[in-house]
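All remarks here apply to the structure that follows.
Read the figures in this text as sums done on the coordinates, not as results from a lab. Please read all numbers here as calculations on a predicted model, not as lab measurements. Neighbour counts are summed over all protein chains in view; Cβ atoms, including those assigned to glycine, are modelled from backbone coordinates with ideal geometry.
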């Protein structure tokens, strides 16, 4: 589609409602007309990878469908402001504008510059609230060079056009940084948002300038845009945000010398307060993720291994929410939570981006308002909490792995749990059905963070949080067993006198396919010094009184360095089972291991890393054979180089098997023989229970599949 045609569609979608600079006092009418619900502020940023037709060769219908899928997920985020990068496709711009017009009527839909005939900046911004004029329009952009809708109200768009690294693709686009001032109906002062996309690459043959050097110049241009447009004082008494794809790797687990601007050292050069305390980007402004999130959560958004980053050395944190630290009416602002917006991968058959989006929640400072200030929990006692501000959050922390039940008393509040390595995907409970003490979780990678917030952003009030650590003193207090995970247990001291029984439990499922649905199971007990132990397994059919057996079928054999061992092998039907260890003395230690051939396979993401035949020739089909049962062939995608598809839930089913599974891909090429690539999985071996990658190189391409494989269900 031509640029002219795409622009015409955009104009129709905008309703021709463009704004221009003017008197700031005129904005009061717009601000007063909006209802004030709460002071919270939620901002999202996302590099869409919405490339033009010359790159994708996709039809208009495909672009509009993809934009609709993105818009549906963006609306569901309920962000007050949405910043998008790399929306270079004219149809994509028009469609996003139309689909977001009801939820976010105030829009910057295109920013361009004279002399850039190939591409505009690729930047878009959508707001629930109106734009207002800048205090100083020193960097006000020419009205003919951008498209916007402010519902007829005056405003200014500040913009600085970047220099680019010579010889790179960045030079074909009018890349830069925009600045808008937004009238939040509950804030006495406007909110200032800078939206940008910094230099991505460099010419490997050029010795004149590197990409980090160009980005340093661009960040300096942004500093000038902020200071010149708002004045120095705004940085201390107004909210200022810088969001977008900065292309600076903030993966803080990586190592590099801080003296050189390369790798993680580039992040340190700009954002590390220990090196440059008080400088603009490490004091006046701060990297929100590094400032408010646990250091163990790397926040990776792109790069090698995307989107799951299976290997520890993979991934980059390129997308940012940078903010200042103002005091407004003697109140500080708190970044309550910034997280990966995994929702933006749920696009059905539409192509996802090669970046994760971010979403960040800000509010007035309050006790335990972010993970860094989380309250440690006290077990088996009501922990009082309060959400003082609408849209507020309160955080709590569990410092040890284990089995826990979590209960929340308070109307209209909800609690979710995260492990310390990933505060973007909540942990799944063992079962969503509350037990004696609440919803039960098997938690690891402590500290575990509990976030309490209202079920909607208007909710305030008090609540009581109750956390119970399971010690195995009764069936209701049972310690959960997960397949392939060694449970090191110790009988409680002080809770029991003399020998007593300890309770554990597990949930077994059946296979989804095949004629033999019940897995083979082994439960092993190992113990050393102390009273000899026995084990019972009980089927919780209608209570917990049905014995599966009461004595071990295998004798103790002392085969593990003086440890006694009891093991049981059998086929287990689906259901809830208790494992009871008999006559344990206080303080006695032992180990339990539950193994099963039931295997969970969850496909995640298929990437065509390289295509070596003609564009459009890679039509992919899949076939599955699960425990001898054939799942019919199905076409699900056509791939070109660099394209991936989030296949979880849509194209290959999640399955459970007990013996073997065969997954085969058939690449159908017009005029050539088809390519077949596959893998076979066996249920018997112990598994890590994590996301893994399979790699294939065939005659016409290179493919990578990310998938979860484990004898226990996914934790997230």
Just the Kirkwood number for segment 429-473, please: inverse of mean 1/r across all distinct Cα pairs, in Å, one decimal.
13.0
In nm, what is the difference between 0.36 nm times the number of residues separating residue 695 and residue 486 and their Cα-Cα distance?
72.2 nm
Arrange the peptides 296-307, 571-582 so that the one whose residues have, on average, the most other Cβ atoms within 10 Å appears first.
296-307, 571-582
Given bins 5 angstrom wide, list per bin the percent of all Cα-Cα distances in segment 371-469, short to long.
3, 14, 25, 27, 21, 9, 2
Could you tell me how many cubic angstrom of Cα convex hull volume segment 152-245 has per residue?
106
Percent of all Cα-Cα pairs per 10 Å bin for segment 280-407, counting from 0 up to the last occupied bin, reads 11, 32, 33, 21, 3
With an 8 Å cut-off on Cα pairs and a minimum separation of 6 or more residues, tell me the relative contact order of segment 43-134 in percent.
32
Sorted by Cβ neighbour density within 10 Å, fewest at the top, the residues 666, 222:
666, 222
How big is the gap, in Å, between the Cα center of segment 46-100 and the Cα center of segment 397-425?
34
Sort 163-173, 462-472 by packing, meaning the average of other beta carbons within 10 Å per residue, with the highest value first.
462-472, 163-173
From the P(r) of segment 417-539, can you give the percent of Cα pairs sitting at distances over 19 Å?
63
Need one word for segment 308-365: rounded, prolate or oblate. Basis is the Cα gyration tensor (sqrt eigenvalues a ≥ b ≥ c); a/c below 1.5 gives rounded, then a/b vs b/c decides.
prolate
Fraction of alpha-carbon pairs over 14 Å apart in segment 403-458 - percent:
55
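What ranking do 212-220, 433-441 get when scored by the average of other Cβ atoms within 10 Å per residue, highest first?
Working: 212-220: 19.3, 433-441: 17.1.
Highest to lowest by the protection proxy: 212-220, 433-441.
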